[in-house]
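Let me begin by presenting the structure, written as structure tokens, before commenting on it.
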Amino acid sequence: MNRYDVIVIGCGAGGYNTAIRASQLGLQVACVERGPDIGGAGLRTGCVPSRLLLHASALYDAGRRRKHAALGIDGPPTLDLARLMAHKTATVQKLSAQVRQRLRAQHVTLAGGHARLDGAGRVIVTSMNGAQQTLSAPAIVIATGSEPIPLAAAAFDHARILDSTDALSLDRIPRHLAIVGAGAAGVELGSLWRRLGARVTLVERRERICHWLDHEIAAALDRALRRQGIGIRLSTEVVRIDTRADGVSLALRVPQDNAPATLDADAVLIAIGRRASTAGLNLASVGMWPDRDGALPQRHASTGIWTVGDAAIGPMSMTKAEEEAIACAEQIAGLPGFVDYSSMPAVLYTSPEVATIGKTEDELRFGGVPYKVGRCALAANAHAAIHRAPEGFVKLLVDARTNLIAGAHLIGAGAAELVSQVAVAMEASMICEDFARVCHPYPAWSEALRQAAMAAGGWMMHG
Ligand SMILES: Cc1cc2nc3c(=O)[nH]c(=O)nc-3n(C[C@H](O)[C@H](O)[C@H](O)COP(=O)(O)OP(=O)(O)OC[C@H]3O[C@@H](n4cnc5c(N)ncnc54)[C@H](O)[C@@H]3O)c2cc1C
Ligand SMILES: NC(=O)c1ccc[n+]([C@@H]2O[C@H](COP(=O)([O-])OP(=O)(O)OC[C@H]3O[C@@H](n4cnc5c(N)ncnc54)[C@H](O)[C@@H]3O)[C@@H](O)[C@H]2O)c1
């Protein structure tokens, strides 16, 4: 039997970060991955491919719409989708190889195969050719990630009824892509294919898109997506999907409307959320049961089993996976690892970008917390004028009792970078007045953040 201090099951962001940090702290680590390569959804099938295609599609779209013609830069761009997809694959492979190299440098043992628990402290790994080996360790970390939830009305067929991985690897631009679910994956992948030339329709059963966003930001994003030509059908349920040789037909039900409706498309992406991949782990052998979404608690003290990333209860993001991984490895090593979920940013790489951190205005209001709002429109920002990207605003929420920043919600170019500054301020428990006194370069997007902080204090100077 191969003995280690820690066995990590799954080599995505949760797994490889746990392995690297645990190994840095002097622990002997084995990491088991059943996929064809390491990296998980973040590097291989989620963030990186999606972000890369979003970036490329934004360039193409700007060219097609002659966005830079006023600068004297013009001419219709051409698109070679096969080449773009090949570049995406090469980038994914490069990043996976970098992580593999890092794990090797840290002397982490990588084992290929499907892992399942065999009682406390034991993991059986079955490789592709059926060979089995048993690993043992006092600490086992479940980092098995998540998988897309299928629609009850129709299973994925990966040709016409797609999951997000399929939708990031299409070999042609659909004439019409229907997307069920207007959450993070729906709005990002919808934006990407719309910019590449597809007609896109989002079908969302709630009355708003991205329901977890601050309501003002969600409304602004909804308007922006509609302006880009994305169809959005809210409060709508898909009751059936019929596939044909040349496409799909979605039978829709709109509650306030008695007449059923049909939506025809070349393909439909199902983006109604993900569930933790914890089936097949033989959790019963250690007396553990997941919640109804398959998720597990971060720590199951009596068994020496830990869970990080998408498999653990809570939101699903690279940020959470990495934070939980670091804290988990440190706690296993006897250090006081800790995750501050209250200052964890999230970003949507739509156009305009959306970034959010901390409490929304509704959460503060419903929680009875007195608050101040500082707003700054990007239209007043010199950098935005230079970049010809005046759309969007920064909204800073400040707890009126303490003057601490309670949340920030941004929509507009540069939002992903700006939200990191708020994360630093929140982590450092900086009061809004101090935040407003931090110097920023000129011209820069971040001036909008300073102006919003000034606005919360009642002294905005430009906006
Ligand atoms: C389209 C898309 C875009 C996204 N974009 C972003 C983004 O921009 N920013 C962001 O923060 N988050 C984003 N996310 C979410 C992010 O990718 C996930 O939250 C993150 O990858 C979770 O990491 P993880 O390690 O928990 O799981 P995963 O990355 O899913 O890794 C789990 C690994 O475990 C392996 N595994 C599972 N079961 C076993 C087993 N029994 N034995 C061995 N190996 C096993 C799997 O093969 C996999 O490699 C996106 C997700 C999607 C789908
Ligand atoms: N940039 C990012 O950080 C990023 C990008 C993509 C995905 N992700 C993560 O991946 C996970 C999965 O993303 P997702 O967009 O699939 O999930 P999600 O939870 O973000 O959104 C799912 C959406 O589908 C809707 N929905 C659910 N059932 C429906 C139904 N039957 N009909 C119509 N609409 C329905 C929900 O109301 C919700 O708006 C999320 O946890 C997300 O955070 C993150």
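The values are calculated or read from the model by the stated rules, or taken from the named source; none is laboratory data. As the structure is a computational prediction, the values presented were derived from the model and not from experiment. Glycine gets a Cβ as well: all are built from the backbone with ideal geometry, and neighbour counts include every protein chain shown. To get the accessible areas, we keep the full protein, side chains included, count just its heavy atoms, and leave off ligands, DNA and RNA. Shrake-Rupley method; radii C 1.70, N 1.55, O 1.52, S 1.80 Å.
Would you call LEU189 in contact with a helix residue (DSSP H, G or I) (Cβ under 6 Å, 6 or more places away or on another chain), hydrophobic (A, V, I, L, M, F, W, C), within 16 Å of ligand 1 (Cβ to nearest atom) and free of Cβ contacts under 8 Å to residues at least 40 places away in the same chain? Taking the combined requirement at face value, the residue does not satisfy it. When the stretch 149-167 is limited to residues that are touching a helix residue (DSSP H, G or I) at 6+ places or on another chain (Cβ under 7 Å) and surrounded by 21 or more Cβ atoms within 10 Å (Cβ to Cβ), the one that is nearest to LEU27 (Cα to Cα) turns out to be SER164. Taking the listed residues ALA329, ALA377, the one that is within 16 Å of ligand 1 (Cβ to nearest atom), open to solvent by less than 60 Å² (accessible area, probe 1.4 Å) and in contact (Cβ under 8 Å) with a residue 60 or more places away in the chain is ALA329, with no other qualifying. Inside the stretch 256-279, can you point out the residues that are at pLDDT 95 or above and either among the charged types (D, E, K, R) or within 11 Å of ligand 1 (Cβ to nearest atom) (or both)? Within the stretch 256-279, ASP264, ASP266, LEU269, ALA271, GLY273, ARG274, ARG275, ALA276, SER277, THR278, ALA279 qualify. VAL123 meets each of the listed conditions (1) part of a helix (DSSP H, G or I); (2) under 30 Å from GLY15 (Cα atoms); (3) in contact (Cβ under 8 Å) with a residue 60 or more places away in the chain apart from (1). Can you find, within the stretch 286-321, the residue that is farthest from ALA355 (Cα to Cα) among those that are surrounded by fewer than 21 Cβ atoms within 10 Å (Cβ to Cβ) and acidic (Asp, Glu)? Here the residue is ASP291. In the set (1) open to solvent by less than 30 Å² (accessible area, probe 1.4 Å); (2) under 22 Å from the mean Cα position of the chain (by Cα), ALA413 fails one condition alone, (1). Mind listing just one residue for me: the one in the stretch 49-94 that is of a type in the set (Ser, Thr, Tyr) and without any contact (Cβ under 8 Å) to a residue 24 or more places away in the chain and, of those, surrounded by the fewest Cβ atoms within 10 Å (Cβ to Cβ)? Looking at the filtered set, the residue picked out is THR78. Taking the listed residues ILE313, ILE232, the one that is within 22 Å of the chain's Cα centre (by Cα) and either at pLDDT below 95 or within 22 Å of ILE161 (Cβ to Cβ) (or both) is ILE232, with no other qualifying. Of all residues in the stretch 171-223, those that are of a type in the set (A, V, I, L, M), open to solvent by 20 Å² or more (accessible area, probe 1.4 Å) and either closer than 14 Å to THR350 by Cα or in a helix (DSSP H, G or I) (or both) total 3.
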